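I have placed the structure first, in the form of structure tokens, so that the comments after it can refer back to it.
The values are calculated or read from the model by the stated rules, or taken from the named source; none is laboratory data. Note that the structure is predicted; figures quoted are calculated from it, not measured. FYI the Cβ positions are ideal-geometry reconstructions off the backbone, even for glycines, and counts take in every protein chain you see.
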Amino acid sequence: MDVLLQTLLNGAAAGGVYALVALGYTLVFSVLGVINFAQGALFSLGGYLTYLLMGGHISVSGGLPGWGLPIALPFAAALLLAAAGAALLSLLVERLAFAPLRRRNAEPLLSLITSLGAGLVLVNLLQLLMGAEGYAFPAGSLAGLPAVVSLGGARIRSVQVLLLLICAAVVLLLTLWLEGSRGGRALRAVAEDPTTARLLGIDSDAMVRLAFLLSGALAGLGGGLVGVSVSLPGPYFGIGYGLKGLTVLVLGGLGSVPGAIAGGLLMGLAEAMVPSGASGWRDALAFAILFVVLLLRPSGLLGRRLVEKV
Amino acid sequence: MRRCSAGLAAAIGALVLIGQQSDPAAQRIQQGGDLTIGAVIALTGNANLYGQDQRLGINLAQRWFDGRPRTAGSPAPPRLRLQLEDGGSDEATAIAGFNLLINGGALALIGPTLSQQAFAADPIAQRLGVPVVAPSNTAQGIPQIGHYISRVSAQSSVIAPLSLEEALRRDPSIRRVAVFYAQDDAYSTAETEIFQEALAARNLNPVTVQRTQLADNDFQTPITAALQRNPQLVVISVQAVAGGNLIRQLRELGYRGQIVVGNGLNTPNIYPICQRWCDGILIAQAYSPDLDTPINRTFLRLHQGVNPEQPPSQMTAQAFTAYQVLAEAITRLQQQGRLQGANLGQARSRLMQELLSGSYDTPLGPIRFRADGEVLQDRFFVAEVRMQPDGRRGRFALVRDLSLASKPATSPPERGSP
């Protein structure tokens with residue numbers, strides 16, 4: 001029983017992060033119909049920003065060896081500021097990689113390439129500044145929390161529980177905001193039909209910018225949370241999470257917020273269920289699930305079937 | 001018809017001439033000119049952590065070589081120029097780097113960083129007759145790619161079991177061993193085989209083998225599974241950052257037994273990751289900062305000038321050594337006048353002969369080469385990580401200095417304090 005609980009908690013914590021990344025993709029996809037490949041880089045950025053805001057210093061192989069911010073914020077404040085920083089950079093990505101193409105009515109495929117380019121530039125800039133070393137947050141980052149908590153006989157690192165709770169809270173808040181607020185409804189209207197939304201007086205461009213801000217903030221949050229949980233293994237670490245988030249996006253259904261959440265949790269739980277001796281095959285399993293789901297439901301778990309009008 | 005044939009022959013002749021002129025191997029070495037040593041190391045991608053250590057080692061060696069005092073009346077040393085190319089962390093980028101440097105007229109090459117890159121890129125150098133010194137390829141079969149391929153990094157099979165012996169010496173009652181390794185990494189899978197063979201030779205069958213992936217950093221699930229088997233010893237073969245995370249999470253989840261790690265964690269870069277939880281892990285090394293020899297003292301001094309915070313890593317020392325052996329072999333060639341009048345192809349061939357025939361006093365200790373390019377190194381070390389109270393800095397404290405040529409040192413030299 002405790003093994004099952006342990007597995008469920010492990011899976012839910014991982015799935016929560018996947019859901020955050022996938023939600024970021026979903027927001028942009030729903031308003032623009034394109035995928036922002038810079039999302040993984042923004043995830044990395046969130047991790048590094050959190051580290052620096054908590055008083056971390058750049059290593060000797062970084063661009064500014066030994067440099068650090070003159071402040072050392074508590075984790076919660078650093079995480080929120082890092083999310084804000086990633087959100088602003090996401091907006092910059094929108095301005096540089098998406099907006100010019102949108103103005104010229106370019107093929108959506110082109111913005112995949114420009115966003116991929118923006119992501120690669122960002123990751124390389126991170127490497128230039130921070131170096132290639134791994135960074136871990138100080139041991140007392142989560143002051144007051146024990147290293148491990150016991151839940152029903154299962155031992156789980158308390159940072160994992162925290163990660164799960166924060167992911168759940170963010171997902172819940174975002175869903176409530178999308179469903180219940182004026183801004184959320186406007187965003188959904190643009191996602192549904194940009195032309196009609198414009199006729200109703202909704203500023204589509206502002207909604208696109210809002211979608212990028214929110215998706216950047218989600219990526220930044222994810223990066224900071226993973227950073228405090230398992231360290232920052234190098235500037236490329238967000239790319240892996242970005243790819244996993246992309247899988248979850250397709251699995252849950254393109255553009256579906258509940259689908260992104262369900263897909264993230266399914267992916268995390270499925271990975272955790274892989275027998276321990278075969279844990280190295282987790283990625284293969286993730287893509288096998290994707291393959292099977294897409295065979296059975298080409299629109300994803302909770303995605304809507306697209307009907308093309310001719 | 002005859003005019004046509006003559007034109008064709010002239011065209012072919014011109015092409016052959018142009019081809020010869022553009023073949024760098026056919027170019028004559030300029031007396032007193034620069035000789036290029038090329039280096040292809042991982043400055044981007046997953047292995048860039050190692051590449052940055054290696055870049056530092058090569059740069060320090062260059063500084064050491066250029067700054068060596070000249071004895072009066074001795075001939076001027078060769079003018080060596082270092083050309084560094086990013087080999088990425090994949091085979092294609094390493095191949096591109098090799099091609100670029102070879103076609104650019106490099107006399108010899110250092111690199112690439114990863115063994116699996118070497119299996120792809122080294123055959124190109126071998127085919128074109130360009131000497132290669134590998135600073136960090138430890139997989140079996142690298143020098144056997146061809147007679148132009150050598151390495152200064154001893155094979156895992158020689159080093160890895162030494163730390164296991166130390167763990168079992170400390171606690172002979174160990175019966176339950178858990179093994180972790182990255183199954184999608186050629187180096188890690190090769191090393192775990194060596195560890196597991198060494199365990200089997202001591203009648204110790206692992207109670208669990210946990211396979212992870214190169215990019216993994218959250219090990220909660222495999223650790224939980226392993227700890228249910230109550231291991232007394234954990235043996236890890238993964239790369240640096242993942243290994244640091246694995247150790248930290250093992251300790252956080254309550255494992256208190258000994259931990260033996262492989263060469264992938266042979267870098268001080270793990271300290272910031274596993275912090276105070278790194279304390280006590282055992283590792284076998286081909287380099288120890290505690291080695292008290294003049295060349296190692298010089299190396300340590302140069303390193304301290306760049307990074308006073310940490311002692312050099314094995315990767316840095318091996319990269320230093322790779323440049324050093326090439327620079328010394330080239331110097332000897334020049335002093336013997338064997339570069340005079342030679343073209344680049346001949347110089348490369350002579351350099352390879354000279355490289356293999358020499359013996360070298362390096363930061364790793366005295367080394368020489370077997371005829372097939374395999375390094376012959378007698379001294380190896382077992383170290384234990386000792387972290388400082390701040391949990392951010394630490395050192396590989398030497399616990400055993402082993403000479404494989406003679407009997408191992410009997411008592412562990414305890415140097416320094418935690």
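Has region A:171-187 got any residue that is surrounded by fewer than 17 Cβ atoms within 10 Å (Cβ to Cβ), in contact with a helix residue (DSSP H, G or I) (Cβ under 7 Å, 6 or more places away or on another chain) and under 30 Å from residue A:10 (Cβ atoms)?
Yes, some residue in region A:171-187 is surrounded by fewer than 17 Cβ atoms within 10 Å (Cβ to Cβ), in contact with a helix residue (DSSP H, G or I) (Cβ under 7 Å, 6 or more places away or on another chain) and under 30 Å from residue A:10 (Cβ atoms).
Consider region B:106-139. How many of its residues are assigned to a loop (DSSP other than H, G, I, E, B) and either modelled with pLDDT of 95 or more or buried (at least 23 other Cβ atoms within 10 Å of the Cβ) (or both)?
The number of residues fulfilling the criteria is 13.
Listed residues A:76, A:19; which is of a type outside the set (Asp, Glu), more than 14 Å from every other protein chain (Cβ to nearest Cβ) and in contact (Cβ under 8 Å) with a residue 12 or more places away in the chain?
The conditions single out A:19.
Please enumerate the residues belonging to region B:329-350 that are part of a helix (DSSP H, G or I) and either in contact with a helix residue (DSSP H, G or I) (Cβ under 8 Å, 6 or more places away or on another chain) or not assigned by TED's automatic domain parsing to the domain that holds residue B:54 (or both).
The answer is B:329, B:330, B:332, B:333, B:344, B:345, B:347, B:348, B:350.
Please determine whether any residue of region B:315-328 is outside any helix (DSSP H, G or I) and small (Gly, Ala, Ser).
No: zero hits.
Looking only at region B:299-341, how many residues end up being more than 14 Å from chain A (Cβ to nearest Cβ) and β-branched (Val, Ile, Thr)?
Looking only at that region, the number is 4.
Residue A:249 - would you say it is away from every other protein chain (no Cβ under 14 Å), in a helix (DSSP H, G or I), surrounded by fewer than 23 Cβ atoms within 10 Å (Cβ to Cβ) and in contact with a helix residue (DSSP H, G or I) (Cβ under 9 Å, 6 or more places away or on another chain)?
no
Among the candidates A:165, A:243, A:176, single out the residue that is part of a helix (DSSP H, G or I) and within 24 Å of residue A:92 (Cα to Cα).
A:243
Under 8 Å by Cβ, and 6 or more places apart or on different chains, what pairs join a residue from region B:270-290 that is within 15 Å of residue A:136 (Cβ to Cβ) with one that is surrounded by fewer than 24 Cβ atoms within 10 Å (Cβ to Cβ) and of a type in the set (D, E, K, R)?
These pairs meet every condition: B:271/B:392; B:271/B:393; B:272/B:392; B:274/B:251; B:275/B:392; B:277/B:251; B:277/B:252; B:279/B:386.
Quick one: which residue in A:32, A:5 is of a type in the set (A, V, I, L, M) and more than 14 Å from every other protein chain (Cβ to nearest Cβ)?
A:32
Would a scan of region B:316-339 turn up a residue that is touching a Lys or Arg at 6+ places or on another chain (Cβ under 8 Å) and hydroxyl-bearing (Ser, Thr, Tyr)?
Checking region B:316-339: not a single residue is touching a Lys or Arg at 6+ places or on another chain (Cβ under 8 Å) and hydroxyl-bearing (Ser, Thr, Tyr).
So, in region A:256-304, exactly how many residues are in a loop (DSSP other than H, G, I, E, B) and surrounded by fewer than 23 Cβ atoms within 10 Å (Cβ to Cβ)?
Looking only at that region, the number is 10.
Output the number of residues of region B:248-269 satisfying the condition of being more than 8 Å from chain A (Cβ to nearest Cβ) and crowded, with 24+ Cβ neighbours inside 10 Å.
11
Name the strands (runs of 3 or more DSSP E) wholly inside region B:157-247 in which the number of residues that are more than 8 Å from chain A (Cβ to nearest Cβ) and at pLDDT 95 or above is 1 or more.
Per the criteria, B:177-182, B:233-237.
So, residue B:25, is that one in contact with a strand residue (DSSP E or B) (Cβ under 9 Å, 6 or more places away or on another chain) and within 12 Å of chain A (Cβ to nearest Cβ) or not?
Criteria not met by residue B:25.
If I filter region B:38-85 down to residues being hydrophobic (A, V, I, L, M, F, W, C) and modelled with pLDDT under 90, which single residue comes out as surrounded by the most Cβ atoms within 10 Å (Cβ to Cβ)?
If we take residues in region B:38-85 being hydrophobic (A, V, I, L, M, F, W, C) and modelled with pLDDT under 90, then B:47 is surrounded by the most Cβ atoms within 10 Å (Cβ to Cβ).
Considering only residues of region A:223-246 that are in contact with a Gly (Cβ under 8 Å, 6 or more places away or on another chain) and away from chain B (no Cβ under 13 Å), which is modelled with the highest pLDDT?
A:224
Quick one: residue B:299 ticks every box in (1) part of a helix (DSSP H, G or I); (2) surrounded by 22 or more Cβ atoms within 10 Å (Cβ to Cβ); (3) at pLDDT below 90 except a single one, so which number is it?
Of everything listed in (1) part of a helix (DSSP H, G or I); (2) surrounded by 22 or more Cβ atoms within 10 Å (Cβ to Cβ); (3) at pLDDT below 90, residue B:299 misses just condition (3).
For region A:33-68, name all the residues that are among the aliphatic types (A, V, I, L, M), in a loop (DSSP other than H, G, I, E, B) and surrounded by 15 or more Cβ atoms within 10 Å (Cβ to Cβ).
Result: A:34, A:35, A:38, A:54, A:58, A:60.
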